[in-house]
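J.: Take a look at this one; I'll ask things after.
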């Protein structure tokens, strides 16, 4: 990367980092709060699951639109629009009461009950970031991106405890305190609009890339990997942050003042694991890192389902979170590495879309399972699906390596920079 190009590239990367942190702060907060706020509105497990699904379905639709039109409409313009919709939808959720209104607002505002920022904005971030660094630094760039997100997720989990402070020091009742907290979520999303205003024109896709067809090799790769990511996300949709929050709340009787710090600790473990993932990937490869850290995390979640007390469950859950996210920066880096630069927005969008779409399907069923079977059923189903995904991923992609794992060091550091 030349010196003149390095300055705007670094600035744009830092802006995306800051905006991702704020989004993660908001998502980490709402992921915990939804599992407590919606029951406070007198909505049961089935309605809670349906509203979480509605928010994720809105995220899936926005991801589709960003995939198909993000480069043509302008990446900066789309990022601003997504932030405005997210803030508006969050504000309506904060002050709505009926399941229909809250569900519609969650859909339009892409309110993410997963507790992890995996929406349409991430599609554009993933397409932009590889061009700000050489191939040899790509996984590290994604690792730090995810570290900042998980720090935001952790702080968001702590912010989910503010309703207790509003009740204690502000004299608010339970429901008003939760409404104010959801309003804070909407305000955090709105702040990202200010950051996006400073992005440079260099983030936009060049005209030639906007009309570039996918190569046959990319089509085959995306078809296989998207099917596998859908399976993984279907499993993840059975254990969103909102539903796990509800699990701890209903199973052990703990409040948001306890659940919030628990998820904050989990996000800290996620953040540390991302840097570990970048280190490990340099030694054993991206695919091996994705698979061999993911399987143990699924098995740990099964132990959470049968833990005899909250504190045992909390310890096992935090240990699980130290492994479960190690596949995130490696997965993002891998997908961007095995497609051509002009195909990155589409590849990012398709792989994100199938993930968000699968997430949107599962919570509604998880809510029904919790109501009709047991609170632990979604954890067991989700863990099983993830183990199957890991086995299939390793079998399908262990021989398809990214450039930095096949090139000499001098060559691997030259192909990712901006023109």
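J.: When a footprinting reagent is the concern and you count Cβ atoms within 10 Å, what order do 225, 203 take, fewest first?
T.: 225, 203
J.: Based on the alpha-carbon gyration tensor of region 106-227, what equivalent-ellipsoid semi-axes (square roots of 5 times the eigenvalues) come out, in whole Å, largest first?
T.: After scaling each eigenvalue by five and taking roots: 37, 16, 15 Å.
J.: Given a cut-off of under 8 Å on Cα pairs at least six residues apart, what relative contact order in percent is computed for region 1-117?
T.: 41 percent
J.: Another question about this same structure. Semi-axes of the equivalent ellipsoid of region 308-378: what are they in whole Å, largest first, if each equals the square root of 5 times a C-alpha gyration tensor eigenvalue?
T.: Result for region 308-378: semi-axes of 33, 19, 5 Å.
J.: For the chain, what log10 I(q)/I(0) values come out of the Debye formula at q = 0.09, 0.12 1/Å, with one point per alpha carbon and no solvent?
T.: The Debye formula, applied to the Cα set alone, gives -0.50, -0.90.
J.: Helix-only mean residue ellipticity at 222 nm, the chain, DSSP H runs n ≥ 4 weighted -39,500 (n - 2.57), per residue, nearest 500. What is it?
T.: Taking each H run of at least 4 residues, the total per residue is -26500 deg cm²/dmol.
J.: Relative contact order, percent, of the chain when contacts are C-alpha pairs under 8 Å separated by at least 6 residues?
T.: Dividing the mean separation by the residue count of the chain yields 29 percent.
J.: Using only alpha carbon pairs under 8 Å that are at least six residues apart, calculate the relative contact order of region 261-419 and give it in whole percent.
T.: The normalised contact order for region 261-419 reaches 29 percent.
J.: Also: Going by alpha carbons, how many degrees (0 to 90, nearest 10) lie between the helix axis of 75-95 and the longest principal axis of the chain?
T.: Once rounded, the angle reads 0 degrees.
J.: Report the gain in length on full extension from residue 374 to residue 284: 0.36 nm times residue separation, minus Cα-Cα distance, nm rounded to one decimal.
T.: Length difference between fully extended and current span is 28.5 nm.
J.: Checking the a/c ratio against 1.5 first, then a/b against b/c, what shape does the Cα gyration tensor give for region 142-200?
T.: The shape class here is oblate.
J.: Send over the semi-axes of region 198-334's equivalent ellipsoid, whole angstrom and largest first, taken as the square roots of 5 times the C-alpha gyration tensor eigenvalues.
T.: Listed largest to smallest, the semi-axes of region 198-334 are 35, 18, 16 Å.
J.: Pairing the Cα long axis of helix 3-40 with the longest principal axis of the chain, what angle in degrees results, from 0 to 90 and rounded to the nearest 10?
T.: 20 degrees
J.: Enter the mean projected area of the convex hull around the alpha-carbon atoms of region 1-139, in nm², rounded to one decimal.
T.: Orientation-averaged projected area of the Cα hull: 8.9 nm².
J.: Highest first, please rank the peptides 98-111, 66-79 by the mean number of other Cβ atoms sitting within 10 Å of their residues.
T.: Those peptides, ordered most packed to least, come out 98-111, 66-79.
J.: Where Rh denotes the Kirkwood radius from the mean inverse Cα pair distance, what is Rg over Rh for region 250-304?
T.: Result for region 250-304 is an Rg/Rh of 1.12.
Every read-out reported here was derived from the displayed coordinates using simple, explicitly stated rules and does not represent laboratory data. These numbers come from a predicted model, not from an experiment. All Cβ positions, glycine included, derive from the backbone under ideal geometry; neighbour counts span all protein chains shown.
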